[in-house]
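The values are calculated or read from the model by the stated rules, or taken from the named source; none is laboratory data. Note that this is a predicted model, so its numbers are computed, not measured. Neighbour counts are summed over all protein chains in view; Cβ atoms, including those assigned to glycine, are modelled from backbone coordinates with ideal geometry. For the accessible areas, the whole protein counts, side chains as well, though only heavy atoms, and no ligand, DNA or RNA atoms are used. Shrake-Rupley method; radii C 1.70, N 1.55, O 1.52, S 1.80 Å.
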Amino acid sequence: MSRKTQAKQQAILEMATEVFREFGFERASIAEICARLGSSKRTIYNYFASKEELFFAVITRSAAHEFRDIHNFIDPSLTDMAESLRNFGEKLLAFLYSPQMIEQRHLSISASKRSELGRLAYEEGVLRSLRLTAESLQAAMDAGKLRQADAFVATQQLFALLEAELLKASLLQQLGEVSPARIRELTARAVAVFMAAYGPETPE
């Protein structure tokens, strides 16, 4: 991507951020963004295929680096795989249960029936995270740090265990702030259960 193209994309994202913050997702329009940018709809659609895609880019761009870094915390080379998973779990939950990500999850769910926002959140967020984690778990299985199994299924079960004590309250907006101490405690419980199921088989 050329510098000029990058600059134009950033200008669109910055103006879209301003408009979405002012009007909210439902009332914001591509026409309003165009008017403030002095650009045509065609120009914006050259970069973003829909309002939903543009909005998703706005709400995720600030967290993109953190998202990538989190998935590097599973280190199959560590002798103690449980420690590696605890490090990953603590970082993942701190990310998922930050005010910004909780708000994004609620919005994606509420808009999923009448827009593409739910699909984008699932494909670019949830599914992407599952696949990245499954790659790391598969590497750990191949290294003998976990027993051989379907890595993608194991990943889904790991995520379910990590979110088991938080998800329902969060979805119903009854959770409140989640402290680092609580995240450490529930992550340790989740990883203990996961390792009981997927820990390496010991010779008899």
* **Enumeration of residues in region 79-104 that are closer than 23 Å to Val58 by Cβ and open to solvent by less than 60 Å² (accessible area, probe 1.4 Å)** => Leu92, Ala94, Phe95, Leu96, Tyr97, Ser98, Met101, Ile102, Gln104
* Does region 68-78 contain at least one residue that is more than 30 Å from Val178 (Cα to Cα) and open to solvent by less than 30 Å² (accessible area, probe 1.4 Å)? -> no
* Asked: Here are Arg119, Arg147: which of them is among the basic types (Lys, Arg) and either within 30 Å of Glu26 (Cβ to Cβ) or in a helix (DSSP H, G or I) (or both)?
  -> Arg119
* Hey, can you tell me all the residues within region 11-50 that are polar (S, T, N, Q) and closer than 23 Å to Leu107 by Cβ? => Thr17, Ser29, Ser50
* Does Glu103 meet the test of being within 19 Å of the chain's Cα centre (by Cα) and under 30 Å from Phe48 (Cα atoms)? -> yes
* Condition met for Asp75 (of a type in the set (Asp, Glu), at pLDDT 80 or above, under 30 Å from Thr187 (Cα atoms) and assigned to a helix (DSSP H, G or I)) -> no
* Asked: Quick one: is Glu26 modelled with pLDDT under 85 and surrounded by 16 or more Cβ atoms within 10 Å (Cβ to Cβ)?
  -> no
* To do: Using the structure shown, decide if Met101 is part of a helix (DSSP H, G or I), under 18 Å from Glu66 (Cβ atoms) and in contact with a helix residue (DSSP H, G or I) (Cβ under 7 Å, 6 or more places away or on another chain).
  => yes
* **Condition met for Leu161 (in contact (Cβ under 8 Å) with a residue 12 or more places away in the chain and either touching a Phe, Trp or Tyr at 6+ places or on another chain (Cβ under 8 Å) or open to solvent by less than 30 Å² (accessible area, probe 1.4 Å) (or both))** => yes
* Considering only residues of region 153-204 that are acidic (Asp, Glu) and assigned to a helix (DSSP H, G or I), which is nearest to Glu103 (Cα to Cα)? -> Glu163
* Asked: Looking at Ala140, Ala154, which is the one that is more than 24 Å from Ile59 (Cβ to Cβ), open to solvent by less than 30 Å² (accessible area, probe 1.4 Å), out of contact with any Phe, Trp or Tyr (no Cβ under 8 Å at 6 or more places or on another chain) and not polar (S, T, N, Q)?
  -> Ala140
* Asked: Would you call Gln173 touching a His at 6+ places or on another chain (Cβ under 9 Å) and open to solvent by 40 Å² or more (accessible area, probe 1.4 Å)?
  -> yes
* Close pairs from region 117-133: first surrounded by 14 or more Cβ atoms within 10 Å (Cβ to Cβ), partner in a helix (DSSP H, G or I) and β-branched (Val, Ile, Thr), Cβ under 7 Å, at least 6 apart -> Gly118/Ile109; Leu130/Thr155; Thr133/Thr155
* Among the residues of region 133-147, is there at least one that is under 28 Å from Glu52 (Cβ atoms) and not hydrophobic (A, V, I, L, M, F, W, C)? -> yes
* How many residues are under 29 Å from the mean Cα position of the chain (by Cα) and outside any helix (DSSP H, G or I) if we restrict to region 6-41? -> 2
